Amino acid sequence: MLSGRDKMILDELTSNPNVSSMDIERKFDLTRRQLGYSITKINEWLITHDLPTIERTRQGYFVIDQAVITKVSGAEKPALSSNEKPILREDERVQYILMMILSSDEELSLNHFTFELDVSKNTILNDLKQAQHYIDDYELTIRYSRKYGYVLEGKEFQIRKLLMHMTFHILQMVNGESRLKKIAAIQDEEVIEFKNRVEKVENQLNLKFTDEKHRLMPYILILLLRRITNGNQMEAFSIEYKELSNTKEYRATEELLYDMEDIPLSERLFITLHLLTTNIFSSEMLEDDLMTNLLPAVDNMLRHFEKSAVIHLQDRNQLVDKLMQHLKPAYYRIKYQLTDTIVFQGSLSKEFKELHHLVKRSIGPLQKLVGSDIPDNEIAFITMLIGGWMNKHGESIDKKVKAIVVCPQGVSVSRLMYNELRELFPEFVFLDYLSVREYLKYPLEYDVIFSPINLETNKKLFVTKAFLGREEKYRLRKHVMLGVHGFVSDEVDVEQLIDLISNHATIHQEKELREALLQYLDPKNGGNFVTHQEGHDLDLDDLINKKSITLVDDVDSWEAAIRLSAKPLIDHGKIEPQYVDAMIRYCEEDPYIVIAPGVAIPHAAPEDGAREVGMSLLRIKNGVSYTNDYDIHLIIAISAVDKQQHIHALMQLMNLVGSEKECNQLINADSVEDIYAIIQHYSKD
């Protein structure tokens, strides 16, 4: 969203494209730094609306595309002179009212609001309702009493969080600083004093805060210190002393408060937290423990994103640096729930929505580091940084084929089908794997659907089995490429090359050889075939060992077979006994557990009693009947604690059972050792 100042500048530029930087600085009483910051924010807004950015010439003039002028002029408003008192919108009045309640030392009545905002009492009463709705997310309440007037009730931490957010919003209004000084009775001398203190902090920490934060921080510090001296004490909350007291920001807080010895430790930690959550423009201090852990998390996130978006990010190290500067304050904002509750609004471009979705799917490494979910608006900021970087380097996913996988066969099968198709079509952007119900209300745009069932759609639908052998994959790829592009390229089957090489030589590093062949045969896109893995994926022999393999010739019933297959998982503490009952129940509801002739993978949901990820294998030599349609010889019981950990091993299992020869060897094996040897062989792939 654009602030009031940014909107005025954009209106001025589109109504008078020949205006110079100096003209705008004089007209709106801005410094060169403030104007530069506003142009940056305007350009970010233009990117999200699929519009060309505004460029500045060396002579201080602007290059503005006609598309921008056409778009903005449709909603153009007359520029306001510095002497006019603009009428505030409803959302701005709500922010104004909340700021008055937060900062006023006198008892506030309706008359105070109507006088200050120059609107009727009915309008103010409606605004107060909207204000209450606004602060519901902060778990605060507006109360009125004759003795104290309008006040806020709730936890002091939440009140301060609201105070910081409202200070920011008031400053974004036209004549924001004048308004804030008037509302909160802040003297110019106080602002100058704290600006000097903030600049000393910048020098001490060897960093530069963004213009927005440089302007904001003196007011926040003044208002926070007022609450502290007025006796509004912070209740105990989970600020980790060790984590914050060793930071440079804590030492900077001591510098800020050098002459205020009566400020308690908890309050000093809170102000330190404010400094840690403040965006910085540049810094040379990214060397602490958090940065050491943050760097691999950011790198992993970008690798996941590159694979999902099927792109190669140029000047990647520079982008990592940019993300690191943003994510250090974001880490503390998220961890201590200081993220603004406001999310992006208005029309966002189709490509931004798709990028946002792919970033959200790639955010796992950061989420793991922080230890909690990443709020959607923080993900949106990360998306803007990555999207802006892609735009700068001429990268886009707009022209790429977007695909979804729609599968009614349960989470594990859907995920496996999604992964296999993504490997088969590395040039497609796979957005999601969905159930049929999720598909019916899916919000993003796509070009291609893969599904094992027929669906009513006007998109290109390719009906395919959930599990494909090598020849079936080859035929499906030819069919899809013909349907999507109208031609089939001359392709070399790398798997056939691997087989050919293995007939005449010993391959010691098959995965590395496959990647090298892909890169050699298709140097432009070969890198997209490489699977970047976060940490160590569990192999099939990590989950199925000799102690979890059971051999029998016969069983009495399907239920008895399930219980026998799951016994090793219970014995080794992988599942609770009730998990087995859930497996039996799901088998009655979901016949899609049969993944190959004679092979079934019963499993239940994590909440049904899964303790740890695990697998066990039951071989029934003479088979057991399942739903009168299948004769099952191999049952692999799965303890799935989440949607991810067992997937790599499950894909190896699919490779194994995709071979009729290997399946028959498992069924007819004479010993646990023979079965385990086959499992070990497929665990290398």
Distance cut-off 25 Å, Cα to Cα: go down the list LYS7/LYS400; LYS353/LYS478; LYS400/LYS478 and report the pairs above it. LYS7/LYS400; LYS353/LYS478
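What ranking do THR464, THR31 get, fewest neighbouring Cβ atoms within 10 angstrom at the top?
Details: THR464 21, THR31 11.
Ranked by crowding around the Cβ, least crowded first: THR31, THR464.
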Across the range 52-69, in residue order, what do the Karplus-derived ³J(HN,Hα) couplings come to in whole Hz, using 6.51 cos²θ - 1.76 cosθ + 1.60 with θ = phi - 60° and x for Gly and Pro? x, 7, 8, 10, 10, 7, 5, 7, x, 9, 10, 10, 10, 5, 4, 4, 5, 4
Which of the lysines could be linked to LYS182 by a straight reach, that is with a Cα gap under 16 Å, when you skip same-chain ones fewer than 8 residues away? LYS85
Amide H to amide H under 5 Å from MET615: which residues, 5+ apart in sequence or cross-chain, H placed 1.01 Å off N in plane? SER639
Say the cut-off is 28 Å between C-alpha atoms; which of LYS27/LYS195; LYS322/LYS511; LYS129/LYS161; LYS307/LYS473; LYS41/LYS155 go over it? LYS322/LYS511; LYS41/LYS155
Run the count for the range 546-669, please: Lys pairs, Cα-Cα under 26 angstrom, 8 or more apart or on different chains. 15
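Counting other C-beta atoms within 10 Å, and keeping those with at most 13, which DSSP coil GluC sites (Glu not before Pro) do you find in the range 602-678? Display every interim value, and only then the final one.
Details: sites: GLU607, GLU612, GLU660, GLU662, GLU673; in loops: GLU612.
Those that pass, being in a loop and sparsely packed, are GLU612.
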Inverse of mean 1/r across different Cα pairs in the range 438-518, Kirkwood, Å: 15.6 Å
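Since every read-out is calculated from the coordinates, none of them should be taken as a lab result. What you see is a predicted model, and the numbers here were worked out from it, not measured in a lab. Positions of Cβ are backbone-derived with ideal geometry, glycine not excepted, and every protein chain shown enters the neighbour counts.
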